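A.B. asks: The structure under discussion is supplied below as structure tokens; questions concerning it will follow.
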Amino acid sequence: MLNKTQDEITAKWKSFDTEHPLVSIKCLAYNHKKYIAQTLEGFLIQETDFPFEVIVNDDASPDNTADVIREYEKKYPLIIKPLYQAENLYSKQDGSLDKVVDSHLKGKYVAMCEGDDFWTAPNKLQMQADFLENHDDYFAIGHSVRIVDDNGNTMTPDNPIWRKWFNTYAYMED
């Protein structure tokens, strides 16, 4: 578990208004026990001058993902604000998952990261929030990604899994 305390993370915040954070991180998790600690730590390494919250939803994972989230919730109660579902909402395919999670987001901006993904740049949120705060004509920001397998190896375009991901999720302009 991350060695930073909650006080160290919040030390540079200009405001402690956690009821109105500038950024809400939306994290959906299901059967991510193997990954969720790294995901949460990617949020907690963020160095910001504003309050942010992590709304992490465990969608009734049978693999004890919720137990890992509870450990972080105890250590970082101002930041980690979990939702624990008794039944899997995603499987309903009726929009209830997003409705439930989105109703808890308090931030002016929302950063999304799935429970099996992670951030490595500690200045990611600060840079993105600063840009949006200074550019009213923008409403969204993207960033580069690196796709890694379970062994930490970076996938390349010749990998069939990479091609499947890219063809499913990526968008390229001419």
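A.B. asks: How do the pairs read when you match residues in the stretch 9-22 that are assigned to a loop (DSSP other than H, G, I, E, B) and β-branched (Val, Ile, Thr) with residues anywhere that are surrounded by 11 or more Cβ atoms within 10 Å (Cβ to Cβ) and modelled with pLDDT of 95 or more, using Cβ under 7 Å and keeping only pairs 6 or more apart or on different chains?
C.D. replies: So the pair list comes out as THR18/PRO51; THR18/GLU53; THR18/LEU78.
A.B. asks: When the stretch 96-130 is examined, which residues are found to be open to solvent by less than 70 Å² (accessible area, probe 1.4 Å), closer than 23 Å to THR10 by Cβ and among the hydrophobic types (A, V, I, L, M, F, W, C)?
C.D. replies: Within the stretch 96-130, LEU105, ALA111, CYS113, TRP119, ALA121, LEU125, ALA129 meet the criteria.
A.B. asks: For the stretch 139-149, enumerate the residues that are touching a residue at least 12 places away in the same chain (Cβ under 8 Å) and either open to solvent by 80 Å² or more (accessible area, probe 1.4 Å) or in contact with a Phe, Trp or Tyr (Cβ under 8 Å, 6 or more places away or on another chain) (or both).
C.D. replies: Going residue by residue through the stretch 139-149, those that are touching a residue at least 12 places away in the same chain (Cβ under 8 Å) are 141, 143, 147, 149.
Matches in the stretch 139-149: ILE141, HIS143, ILE147.
A.B. asks: Kindly provide the set of residues from the stretch 23-75 that are open to solvent by 10 Å² or more (accessible area, probe 1.4 Å), small (Gly, Ala, Ser) and under 22 Å from LYS92 (Cβ atoms), ordered by number.
C.D. replies: Within the stretch 23-75, ALA60, SER61, ALA66 meet the criteria.
A.B. asks: Look through the stretch 70-114, keep the residues that are of a type in the set (Gly, Ala, Ser) and modelled with pLDDT of 95 or more, and return whichever of them is nearest to the chain's Cα centre (by Cα). Steps first, answer last, please.
C.D. replies: So in the stretch 70-114, the residues of a type in the set (Gly, Ala, Ser) come out as 86, 91, 95-96, 103, 107, 111.
From the residues that got through so far, the ones that are modelled with pLDDT of 95 or more too are 86, 103, 107, 111.
On the way: ALA86: 21, SER103: 16, GLY107: 13, ALA111: 6 Å.
If we take residues in the stretch 70-114 being of a type in the set (Gly, Ala, Ser) and modelled with pLDDT of 95 or more, then ALA111 is nearest to the chain's Cα centre (by Cα).
A.B. asks: Would a scan of the stretch 30-52 turn up a residue that is within 18 Å of ASP102 (Cα to Cα), in contact with a Ser or Thr (Cβ under 9 Å, 6 or more places away or on another chain), of a type in the set (D, E, K, R) and at pLDDT 95 or above?
C.D. replies: No - not one qualifying residue is present in the stretch 30-52.
The values are calculated or read from the model by the stated rules, or taken from the named source; none is laboratory data. Note that this is a predicted model, so its numbers are computed, not measured. For neighbour counting, all protein chains shown are included, and Cβ atoms are generated from backbone atoms with ideal geometry for every residue, glycine included. The protein model used for the area step is the full one, side chains on, heavy atoms only, and it has no ligands, DNA or RNA in it. Shrake-Rupley method; radii C 1.70, N 1.55, O 1.52, S 1.80 Å.
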